[in-house]
Amino acid sequence: MPRLFERLLVVTSFASTLWTLTQSRQITGKTHLVLQALASFQGYRGLFPSHESIASRSGCSVRTVIRALEAAYRLGIVTRTRQRQRVSGRVCNGVNRYRLIIKPLEQARAAAVHYTQQLREALSRRKQAFLSKCQNDSEPHIQSNFFNTEPLSGAGMSHNDLIRWCESIGYRGST
């Protein structure tokens, strides 16, 4: 029985977080609907619906679901764990596991991790574009040391960025 109460408390707190974000116009109404539908899948074993299941429950398209989930990752209110599975000897993408985040400090950490991952992917794409341009040109180029820097940590937000983010979600100082 305590687990049922904890799940109910998480879903209720998440709903109030969604309401606050919608009223402050940080998320759209459709994003609100999609994230409510995601929270409705919360069960004993976790939270792992497909994009199609969320879309049918929320009455939105799959593309809208993907956009809403990206907004939730940026805000740090939802985290995703991608799972891999072996099928016929090949490793394929499995189901995504989601976690609803309620505490502001955990939200800040999750948002920082998401931004760090986005930055790594953008730098990787830029590096590939730079290297392909260097290979296509006839003149030799000296490769910049710009791409060989140390990776950012999950808590790579500066102090001022973290304060600005906390203010944007209405966090006032108690954890």
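The values are calculated or read from the model by the stated rules, or taken from the named source; none is laboratory data. Bear in mind the structure is a predicted one, so any value in this text is a computation, not a measurement. Accessible surface is based on the protein model in full, side chains and every heavy atom, while ligands, DNA and RNA are left aside. Shrake-Rupley method; radii C 1.70, N 1.55, O 1.52, S 1.80 Å.
At a probe radius of 1.4 Å, what is the per-residue accessible area of residue 127, in Å² to the nearest 10?
Number for this one is 60 Å².
In whole Hz, with x marking every Gly and Pro, tabulate ³J(HN,Hα) for the range 45-59 from phi via Karplus 6.51 cos²θ - 1.76 cosθ + 1.60, θ = phi - 60°.
So the Karplus estimates, Gly and Pro as x, are 8, x, 9, 8, x, 7, 4, 5, 5, 5, 4, 5, 6, 8, x Hz.
Given just the C-alpha atoms of the range 1-130, how large is their convex hull per residue in cubic angstrom?
Dividing the Cα hull volume of the range 1-130 by its residue count gives 143 Å³.
How large are Rg and Dmax for the range 26-66 when only the alpha carbon atoms are used, in Å?
In order Rg, Dmax, the Cα atoms of the range 26-66 give 9.9, 30 Å.
Through the Karplus equation 6.51 cos²θ - 1.76 cosθ + 1.60, θ set to phi - 60°, convert the phi angles of the range 92-103 into ³J(HN,Hα) values in whole Hz; use x for Gly and Pro.
10, 6, x, 6, 8, 9, 10, 9, 7, 10, 10, 6
Amide H of residue 94: which non-local residues (sequence gap of 5 or more, or other chain) have their own amide H closer than 5 Å, using H built in the peptide plane?
Under 5 Å from the amide H of residue 94: 83, 84, 85.
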